[in-house]
1. Between 26, 14, 49, 18, which is of a type in the set (Gly, Ala, Ser) and within 18 Å of the chain's Cα centre (by Cα)?
2. Assigned to a helix (DSSP H, G or I) and in contact with a Gly (Cβ under 9 Å, 6 or more places away or on another chain): which single residue out of 71, 58 fits that description?
3. Counting only residues that are part of a loop (DSSP other than H, G, I, E, B) and polar (S, T, N, Q), which one in the range 1-30 is modelled with the lowest pLDDT?
4. Starting from the range 53-75, keep only residues that are in contact (Cβ under 8 Å) with a residue 12 or more places away in the chain, then list their pairs with residues that are surrounded by 11 or more Cβ atoms within 10 Å (Cβ to Cβ) and among the β-branched types (Val, Ile, Thr) whose Cβ atoms are within a distance under 7 Å, requiring at least 6 positions of separation or different chains.
5. Give me the residue from the range 1-41 that is under 26 Å from residue 58 (Cα atoms), polar (S, T, N, Q) and free of Cβ contacts under 8 Å to residues at least 40 places away in the same chain and, out of that set, surrounded by the fewest Cβ atoms within 10 Å (Cβ to Cβ).
6. When only residues in the range 42-54 that are of a type in the set (A, V, I, L, M) and loosely packed, with under 11 Cβ neighbours inside 10 Å count, which is nearest to residue 29 (Cα to Cα)?
7. Go through the residues of the range 42-50 one by one and say whether even a single one is aromatic (Phe, Trp, Tyr) and assigned to a helix (DSSP H, G or I).
8. Among the residues of the range 55-64, is there at least one that is more than 11 Å from the chain's Cα centre (by Cα), surrounded by 12 or more Cβ atoms within 10 Å (Cβ to Cβ) and of a type in the set (Gly, Ala, Ser)?
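The values are calculated or read from the model by the stated rules, or taken from the named source; none is laboratory data. Here the structure is a predicted model, which means the values were calculated and not measured. Virtual Cβ from ideal backbone geometry, glycine too; neighbours counted across all protein chains shown.
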Amino acid sequence: MLFFRSEEHLHNWSKFDSDTQGGIISLSDLVNLFSNDYFKNRMDLDYVSHIREYEVGFVNGLNALEKAGSFWKLQ
């Protein structure tokens, strides 16, 4: 199933809310963001010991999102 094929398809959706524009990012950006060490290494025995460095990687991933709006920015 293709939920949204493109941003144009999303904008044409009957329940689209323009106030949510800042939260729209591509699937490839989501995959990259949620496949970093912060999520990938959760089952490691020393995960808590490394959480600070994993958080840095996650924040860098957030900042690297090209078309991300305020929804994806840490405040």
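1. Working: 14 fails: within 18 Å of the chain's Cα centre (by Cα); 49 fails: within 18 Å of the chain's Cα centre (by Cα); 18 fails: within 18 Å of the chain's Cα centre (by Cα).
Every option except 26 fails the conditions.
2. On the way: 58 fails: in contact with a Gly (Cβ under 9 Å, 6 or more places away or on another chain).
The match here is 71.
3. Going residue by residue through the range 1-30, those that are part of a loop (DSSP other than H, G, I, E, B) are 1-6, 13-17, 24-26.
Those still in the list that are polar (S, T, N, Q) too: 6, 14, 26.
Working: 6: 77, 14: 84, 26: 82.
The qualifying residue modelled with the lowest pLDDT is 6.
4. Listed by first residue and then by second, the contacts come to 65/25; 67/25; 68/25; 72/25; 74/59.
5. Only one residue tops the list, namely 28.
6. So in the range 42-54, the residues of a type in the set (A, V, I, L, M) come out as 43, 45, 48, 51.
Subsequent filtering for residues that are loosely packed, with under 11 Cβ neighbours inside 10 Å retains 43, 45, 48.
Details: 43: 23, 45: 28, 48: 26 Å.
Only one residue tops the list, namely 43.
7. Step one: of the range 42-50, the residues aromatic (Phe, Trp, Tyr) are 47.
Those left that are additionally assigned to a helix (DSSP H, G or I): none.
No, that holds for no residue.
8. Yes, the range 55-64 contains a residue that is more than 11 Å from the chain's Cα centre (by Cα), surrounded by 12 or more Cβ atoms within 10 Å (Cβ to Cβ) and of a type in the set (Gly, Ala, Ser).
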